[in-house]
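Below is one structure, written out as structure tokens; comments come after it.
Just so it is clear, none of the values below were taken in a lab; they were calculated from the coordinates. Since the structure is predicted, the reported quantities are computational estimates derived from the model, not experimental observations. Neighbour counts run over all protein chains shown; Cβ positions are idealised from the backbone, glycine included.
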Amino acid sequence: MMAGYSDRPGIFALSNPTTKAECSAQQSYEWSGGRAIFASGSPFDPVEYDGAVFHPGQGNNSYIFPGVGLGMIACQANTIPDSVFLQSARALASSVNEADLKRGSIYPPLDQIRQVSLKIAIAVAAYAWDHGLTGQPRPDDIENFIKSAMYDPNY
């Protein structure tokens, strides 16, 4: 029904686990003629439909929370208002490119999570400094400041 009202219907089957999702990625692409933008709360494998391969995104906290936590801890924010999450959503959205959308995903690939988390952390820390949410002095180079606070799992 959604495909009848929209050229690119957004289908967000966010229930967990995958077996409880409102619909599968395969169903969303079939029902929309391959036009759906699909995200789920659990992982779905890529779907081949009508000669194209779609890569469903996972719409959960794995993209937002690491960057928010990193940015707020690094700048020592004294509070985290809802507006911080709006800033993080904007930073995440700006990380999505046309190629991501063409492959059926509204999220950047998960292998870019560190870069996305850094981008979100920079955005939310800058917001915190701009709005007096921290008593800490603002560094001249927020990006390098945040990078220095990031955990590096490589030894």
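Quick rundown of the values:
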| quantity | calculated |
| --- | --- |
| Separation between Cα centres of region 61-126 and region 10-49, rounded to whole Å | 23 Å |
| Of all DSSP beta bridges in the chain, antiparallel share, percent nearest 5 | 35 percent |
| Beta bridge orientation in region 7-58: antiparallel %, DSSP, nearest 5 | 35 percent |
| Residue of V96, V53, V84 that the Gaussian network model of the chain assigns the largest fluctuation, springs spanning Cα pairs under 10 Å | V53 |
| Cα centre as origin, Lys/Arg/Asp/Glu Cβ charges: the chain dipole, Debye | 180 debye |
| Cleavage-rule hits (GluC sites (Glu not before Pro)) in region 1-50: DSSP loop, at most 14 neighbouring Cβ within 10 angstrom | E22 |
| Expected 222 nm ellipticity per residue - DSSP helices of 4 or more, -39500 (n - 2.57), all of the chain, to 500 | -11500 deg cm²/dmol |
| Sparsely packed chymotrypsin sites (Phe, Trp or Tyr not before Pro) within region 1-68, loop by DSSP, other Cβ within 10 Å at most 11 | Y5 |
| Förster-model FRET efficiency, 25 Å R0, I73 and V96, C-beta, rounded to 0.05 | 0.50 |
| Low-density loop cleavage sites - trypsin sites (Lys or Arg not before Pro) in region 53-150, where at most 10 other Cβ are within 10 Å (DSSP) | none |
| Region 64-149 - charge dipole about Cα centre, Lys and Arg +1 at Cβ, Asp and Glu -1, debye rounded to 20 | 160 debye |
| Extreme residue, positive dipole direction of the chain, given options V84, Y151, P109 (C-beta unit charges) | V84 |
| Matching label, P(r) over Cα pairs in 10 Å bins from 0, in percent computed from the structure shown, candidates (1) 10, 35, 38, 12, 4, 1; (2) 10, 34, 33, 15, 7, 1; (3) 11, 34, 28, 18, 8, 1 | (3) |
